[in-house]
Amino acid sequence: MTRKKWISFTGMLVGVTAAAGFSAGPGSQTSPADARLARILERTTEYCQKLERAALDFTCIEKIEERTYSTIEEAPDGMVPNPSGVAYTYKPVNTPYYANTYVYDYQFVRKGSRKAENRVLIEENGRKKKNKDAVLTTTTVRVENALFGPIGLLGAAAQDLHEYRIVGEETEKGEQVLVLEATLKATLDRVHCTGRIWVREDDASILRIAWDQTSVGNFKLIRETAKKMNAEPRLTSVTEYGQEKNGLRFPSKDTTEEGYLKHGNVRVRSLTTILYKDYKFFTVETQVKY
């Protein structure tokens, strides 16, 4: 099970070579950078194994706000003469948007092969609700299985598909954080998630993932829309894992901005923010034998 994100238009459903990609020849020496990357990849593999096998029972509040912007084009800023005639320069328009908010009481239970999840819609656009067995009714972005996102990038099977490199280092709350980039191996001709991962070096905690735009389901539709607009797609999607319990990290925020580059400006078509808060944990067991 890995994270799924879909974007739709009706509802838009929408360096260093890693240990998983290189082998040292006889008598060759591993550089410190290679060794550092290999260590972190080994530890993140162990983390993903724990996540895949863990017995889980928890609830949280899932608050979704989606903004859909007007389709007004950029406004002409002025006329500039050129040898072939008159051309316009452009400035972005502060386009209006309409917003929807949804608040769900979300429950997830997994033990052995049994898995169940349930949502109760408790608020919609400020109005109290109590819709049991609710489905996600967002019109722009639908995120599923955000908790399991790391598995698609750093799990054992995923590491056979990707090349990795360290592209940055940061300090967060006094802790060293490595920024890894995961790209598909050049020999592979398939669609699979890629992106950048922020990993705390001392315990391999996965703090954040910035997904490559091609990792989003139905990205083909986004390409088609960009083509019709004579623009380039600029989709950003970030999942943050700010909640920790028993060595596992749970989603705290997911943000997706759908934009299109045109006339040197990025025009935002939609922005969806999901907050996960007020967790209640009943079971989080990582040392499980079935």
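Once neighbouring chains are kept in place and the probe is 1.4 Å, which whole percent of the accessible area of the range 123-217 is contributed by carbon and sulfur? After summing per-atom areas, the C and S share lands at 44 percent. Around Leu121, what is the net charge, scoring Lys/Arg as +1 and Asp/Glu as -1 over all other residues with Cβ under 9 Å from its Cβ? Local net charge: +1.
Take the Cα of Gln107, step 7 Å toward its Cβ, do the same at Glu175, and the gap between the two points is 3.1 nm.
Considering only Ser205, Gly112, Thr137, the residue lying farthest towards the positive end of the dipole of the range 107-240 is Thr137, judged by Cα position with unit charges set on Cβ.
Here the range 223-267 is assigned +1 on the Cβ of each Lys and Arg and -1 on the Cβ of each Asp and Glu. Its dipole about the Cα centre then comes out at about 180 debye. Between the alpha-carbon centres of the range 113-190 and the range 225-266 there is a gap of 11 Å. Using a probe of 1.4 angstrom and keeping all protein chains present, the accessible surface of the range 106-150 works out to 56 square angstrom per residue. Among the protein heavy atoms, those of Lys50 account for about 90 Å² of accessible surface (1.4 Å probe, every chain in place). Around the Cα centre of the range 132-223, unit charges on the Cβ atoms of Lys, Arg, Asp and Glu (plus for the first two, minus for the last two) sum to a dipole of about 540 debye. Packing order of peptides 97-108, 153-164, 117-128, highest average first: 153-164, 97-108, 117-128 (average count of other Cβ atoms within 10 Å over each peptide's residues). Rounded to the nearest 10 square angstrom, Tyr69 shows an accessible area of 40 square angstrom against a 1.4 Å probe.
The values are calculated or read from the model by the stated rules, or taken from the named source; none is laboratory data. Small disclaimer: the values here were computed from a predicted structure and weren't measured. Quick reminder, even Gly has a Cβ in these numbers, built from the backbone with ideal geometry, and neighbours come from all protein chains shown. Note: areas computed on protein heavy atoms with side chains; ligands, DNA, RNA excluded. Shrake-Rupley method; radii C 1.70, N 1.55, O 1.52, S 1.80 Å.
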